[in-house]
Amino acid sequence: MAAPQDSVSTWSCRQVAQWLQDEGFGEYVELLCTQHRLDGPSLLSLTEADLRGPPLGLTVLGDIKRLALAIRRLQRENHTQLQVLGLQPVDSVPGLSVSQQEDWSCEGAEHKYNGASHLCNGTELRQRITDRSRINSGDTLCHIHSNGRCRLHLAGRLDPEVWKTVLSCAYGFLVIGFTSFVMVIVHERVPDMRTYPPLPDIFLDSVPRIPWAFAMAEACGLILAYMFILILLLHKHRSILLRRLCSLMGTVFLLRCCTMFVTSLSVPGQHLKCASKTYDDAWGKLQRALTIWTGFGMTLTGVETCGDYMFSGHTVVITMLNFFVTEYTPRTWNLIHTISWVLNLFGIFFILAAHEHYSIDVFIAFYITTRLFLYYHTLANTRAYQHSRRARIWFPMFSFFECNVNGPVPNQYHWPFSKPEFMKSLIGQ
């Protein structure tokens, strides 16, 4: 029999093996006690992360959870020995007693304090796994979020927050609809080609127009869209990916609404037979905007627009999709990354070769899209501003959407459907 539980810190490897047998984990005696010589003190310091990671590398989820619970129960029963050893259970909340900790319930990807009326005080205390210092009983370990509730995040867990994704999608679609309406307004102010001929442009003046190039640019965008949809379908954190795509795309196109409304440039080529068009009433404008909206502004869907819009919306979409494809696939997928970048660069070339935009339109679109993507993900991955007052003032949408995302989103994949079974085993659960 194992030694009494009040002396776990004195257990030998044999006594730990006996405890594992008594708890129903006999199959792991060889791994834990023989190969890795686990004794009493090391058993008390064992965490779920130790069980999952190397060198142990347990893979059966049920066994991992049950063994972790048994170890936590052993730690609670021997908290005095933990203090003597200078250890503390990683799942305990400093400053809360064991009975108080039982009031924390697991909800999805995070722990939430059940007391609905309990709010955090003004001081934000961030959980750090490496911090083992004790906190006074009057303080509560928490994150302050937009709803003011006290939440404790588990490392490595990401809450999908589907309701935020729905809001982000609604924001993106509304901005696209507003952009379509602004394009109709701008169409009424297209400069007369006889008075305002095309502006000088080094690329457009040097490269002859290719009539089918714009259709090829849209084809590149469609291929990138299909690639991203496939990644979105298989990615474990698809809700966060879709939320970020809609929020970033909506923000760039909202900026585009402002720039093309303020400044109307002359059309970039004589092949564009553009003239200002006046609608009889507001209903005619709305119908035209709805046609552009439902066709996503693409010539492949039969949408024909007139005028030069500062800046290129096609470049924004192609570049944003490329960056999402390369960001949310493993770094070792070099072929996918190469294809994505080739589609992005060829798409930009075809836009220019079609003489549908000035070079400055494409350059500004590429620059704004890439900078916004990189700035957003840098802030999100480093958690530099999620909970700061400055972020809530200057980046309110970023602060709202990212406040509960803990660091970089791992590129993990799984088959989202119950069938076929071989796809679940091939891609992951």
Kindly sort Phe178, Phe203 by accessible area of their heavy atoms, largest first, with the probe set to 1.4 Å.
Phe178, Phe203
Note the full-extension length gain between Thr378 and Ser7 as 0.36 nm times their separation in residues minus their Cα-Cα distance, in nm to one decimal.
128.7 nm
Solvent-accessible area per residue for the range 295-338 (1.4 angstrom probe, square angstrom):
40
Just to verify a number: FRET efficiency for Gln35 and Gln83, C-beta to C-beta distance, R0 = 30 Å, to 0.05?
0.50
I'd like the accessible area for Val29, computed on protein heavy atoms only with a 1.4 Å probe and all protein chains in place. Round to 10 Å², please.
30
Stretchable slack from Thr259 to Cys306, in nm (0.36 nm times residue separation minus alpha-carbon distance):
15.3 nm
Can you give me the convex hull volume of the Cα atoms of the range 186-312, divided per residue and expressed in Å³?
143
Please work out the FRET efficiency for the pair Asp281 and Arg194, using the Cβ-Cβ distance as r and a Förster radius of 25 Å; give the result to the nearest 0.05.
0.30
Which value in Å does the Kirkwood hydrodynamic radius of the range 288-429 take, with 1/r averaged over all unlike C-alpha pairs and then inverted?
18.2
Hey, with R₀ at 35 Å, roughly what FRET efficiency would Glu27 and Val342 work out to, going by the Cβ-Cβ distance, to 0.05?
0.10
Please work out the ratio of the alpha-carbon Rg of the range 253-342 to 2.2 N^0.38 Å and round it to two decimals.
1.42
Sequence ranges 240-248, 12-20, 367-375, ranked by mean other-Cβ count within 10 angstrom, highest first:
240-248, 12-20, 367-375
Using the Kirkwood radius built from alpha carbon pairs, what does the Stokes-Einstein equation give as D for the range 259-311 at 20 °C and 1.002 mPa s, in µm² per second?
171
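The values are calculated or read from the model by the stated rules, or taken from the named source; none is laboratory data. None of these values were measured; they are calculated from a predicted model. No Cβ is skipped: glycine too gets one built from the backbone with ideal geometry, and neighbour counts run over all protein chains shown. Keep in mind that these areas ignore ligands, DNA and RNA; they rest on the heavy atoms of the full protein, side chains included. Shrake-Rupley method; radii C 1.70, N 1.55, O 1.52, S 1.80 Å.
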